[in-house]
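Okay, structure first, notes after.
The values are calculated or read from the model by the stated rules, or taken from the named source; none is laboratory data. What you are looking at is a predicted structure, and each value in this text was computed from that prediction instead of being measured. Note that each Cβ is placed from the backbone with ideal geometry, even for glycine, and that neighbours are counted across all protein chains shown. Ligands, DNA and RNA are stripped out before the accessible areas are found, and what is left, the full protein with its side chains, is counted by its heavy atoms. Shrake-Rupley method; radii C 1.70, N 1.55, O 1.52, S 1.80 Å.
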Amino acid sequence: MSGATEPHGGNTAGDSERNTPIPSRAATPVTASGSRPSRARRFLARAEKKIDKFKLKLGLKEKGTESHGTSEASTTGASTGESTTAPTGKTWAVVAGALKMTLSGAVLLIPDPFKGPAEALLKIIDVFEQTKSNNEEMEDLKARCDLLNESMMNAIQGKDERLLLAELKESVGRLVKGIHDTFQATVVEYSTGIAAYVMVEDNAEVVKEANQKMDQILQFFWIENLIAGALVLSDIRKTVKDQEGWMVKLCATTDNHFKSASLDKLKHVPGAAYDSQELAKVNPCFQGTRVKLLAGIGRWMSNTALEEQGTSKPIYVLDGIAGIGKSTVAKTVAQHAAAINSLGATFFFSQDHADRQQAADFVHTIAYQLACCDASYGKAIATAIDGHPESLHKIMAQQFSVLVAKPLSDMLKQRATPLVFVFDALDECAQPDASDILSLIITSISKLPNVKVFLTTRPDLVLRIKYKSTALANCFHLQEIEAVIVDSDIRLYLNYYLSLSNIQKVFEGTEWDSWAPTKHQQEQLVRVSDKLFIFASTAVKLILSYQGRGPEKTLTSILSLEPKQGMVKLYQKVLEIAMPTDILRPSKDWDLWLGDFKTAIGTTIILQHPVSVKALERLLQLELPDLGPMLRNMHSVLAPFDDGPNPTYKIHHKSFPDFVTNAAICPEEFWIEESKYHLHFASISAKCLLQISTRHLLTRQNSIKKG
């Protein structure tokens, strides 16, 4: 096709076909006896009238030469000279022409299986381009064709074809094929040939059905690529500014928070929400990484490929070993879903927080977040609480049924887009609560209309048996993703954070501000990371740290590690950097430092709620009470909440406590016997309580004496 050789250029083939005179009669089938059946005669008579009317509109037939039987009404618009297009907006010719130019460009980049439908779609659009009808359904169809064009332009315009992601190209291909199939079904509703094309514009039901199908296809395309990060939300908002219905709801910025005293009775867990302060240190996926995975999640969420096994299942389980990036993906999915008004609720479990490692407030939190995301949901849930206050204290299944399922089911059925629930790190919830929550997800949450559940977990045996045995779950093992894809993502991450510009920003004014690793060193670091994002992230923190021996020597030391032993050896490097350089080993000062260090780290691990450095010093009553420098040297594994003089530290990733409490892999002198520090902390707490009680008693006695 000649038009396909120039992206967004003129479609000469399309112009040629459009200017070809339309024959006055269509081929008509005959019976074995040579006579036409009565049904065919009626069809032919109708077709002749339509064709004459169509030719008259196009100026291919002069007035007064209509076929016998053509009604006067059929030529009224043309004979009066009145415009048959809408008084405002783009004409069909403008819309179809723009769409054909975009399609011509798309043909060059979409995968081969979709090229045929794309080229066929160009020909079908020629038919619609010739229409003059301005009935409501055809105007809607025109608007959707314009929307289709804008959607494809947002995806591919101005971008180097070589840099376009394969997933986006496939998505555009599926979009084109879906529209082609819809149009083809529309124009051949009655028969084949030009008669069917001409008749379609006046068949309201056929066009209405095509409009509904296009809505669905466009919705799938947007959701899939917004979740994957392949489309920019602001571009979509500009595209749908003149549209109505689900298109605006998908991208509108709304404040639907419903306030009610009844909702205050819900004991929700604020820190479990994806955007809470407690999760501020959990970063979303670095831009351009995890694209294939996120595209797959987007397709699952939008149901763009119902023919593929697992796509339509309501539960998506992402499991994988520690440090592979599950929470990062979960936060990204939650962020992207929230941006398009498709996020229902989130719960990020954590063994470091008592209220996020148990099931007690799980349903309350879901109900509260749902009430906040949509005012109508909030009213319904508040009404349920008022009507059944006893349900707040029932078992989880009853709570969910009364507070969520019954009040919201009818409203959820009316949703045009899916509502996604994101639950992260279920394995960090204590048993049997974790199993109970998984049972609730499978038997109740996933059964809600238009609801999808995205769940991440380590492949814990008890949980794995349960989610792999249900037909409702689509399971993806993150550690099995192709090594070349993960390496590419880690390389992209390292290229940014270890770029000369970022290093100059971090080390501005120091001797290291002009240093940067070589390409070879970055490739070595990708290899040593061994598909673990947490390794790459921790390594970058170490390299860009002011503590230690400087970025160049730190990188050289990390590159000496062997893959497969990476995290263990890297954490050993972290401990080496944390050691003071001004204390001799062995010595009494070293023993004092090591004791305080292990007490501080051990207490930080077992504390359910992190406390500030000063509070920790007072609590532990250490021999060397200055914990600030000690914990700052551990910043690659301890995440500070703030950069002030009294920061609060928490463990950056669960793999570090796993390492430092495992005698088999942690250096003996740094090994933390967890039970010992539980007892130590309990003893300290008891002393504090005794001191408080004693002070209270003395104060009371003094008051009595004075009285």
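Once amide H atoms are placed 1.01 Å from N in the peptide plane, what residues at a sequence separation of 5 or more from residue 452, or on another chain, have their amide H within under 5 Å of its amide H? Counting only residues 5 or more places away or on other chains, the set is 419, 420, 421.
Heavy-atom accessible area for residue 372, with the other protein chains in place and a 1.4 Å probe, reaches approximately 40 Å². Our coupling estimate for region 437-452, obtained by passing each phi through the Karplus curve with A = 6.51, B = -1.76, C = 1.60 and θ = phi - 60°, is 5, 4, 4, 5, 4, 6, 8, 10, 4, 5, 8, 5, x, 6, 10, 10 Hz, Gly and Pro reported as x.
Mind checking the full-extension length gain between residue 579 and residue 205? Use 0.36 nm per residue of separation minus the Cα-Cα distance, one decimal, nm.
Extra length available between residue 579 and residue 205 comes to 127.0 nm.
Summing charges over neighbours of residue 507, with a neighbour being any other residue whose Cβ is under 12 Å away from its Cβ, gives -3 when K and R count +1 and D and E count -1.
Taking θ as phi - 60° and the Karplus parameters 6.51, -1.76 and 1.60, the scalar couplings of region 416-430 work out to 8, 10, x, 10, 10, 10, 10, 10, 10, 6, 4, 5, 7, 8, 5 Hz in sequence order, x denoting glycine and proline. A crude spin-label estimate for the pair residue 668 and residue 185, with each label 7 Å from Cα along the Cβ direction, gives 7.3 nm. Counted residue by residue at 0.36 nm each, then reduced by the alpha carbon distance between them, the extension gain from residue 431 to residue 265 reaches 57.1 nm.
Provide the net charge surrounding residue 662, with neighbours chosen by a C-beta distance below 13 Å and charges set as Lys +1, Arg +1, Asp -1, Glu -1. The answer is -3. Report the net charge of residues surrounding residue 367, where surrounding means a beta-carbon distance below 11 angstrom and charges are Lys +1, Arg +1, Asp -1, Glu -1. Around residue 367, the charge tally is +1. Close amide H contacts of residue 424 (hydrogens built in the peptide plane, cut-off under 5 Å, sequence separation of 5 or more or a different chain): 347, 348, 349, 456.
If the chain linking residue 398 and residue 591 were pulled fully straight, counting 0.36 nm for each residue of separation and taking away their Cα-Cα distance, it would gain 63.9 nm. Between residue 505 and residue 360, the modelled labels are 4.2 nm apart [label points 7 Å from Cα along Cα→Cβ]. Taking amide H atoms as placed 1.01 Å from N in the peptide plane, the amide H of residue 286 has no partner under 5 Å among residues 5 or more positions away or on other chains. What nm distance separates the two modelled labels at residue 547 and residue 120, each placed 7 Å from Cα along Cα→Cβ? So the two model labels end up 6.5 nm from each other.
What the phi angles of region 532-547 give under the Karplus curve with 6.51, -1.76 and 1.60, with θ = phi - 60°, is a coupling list of 9, 5, 5, 5, 4, 5, 5, 4, 4, 4, 5, 5, 8, 8, 7, 7 Hz, glycine and proline written as x.
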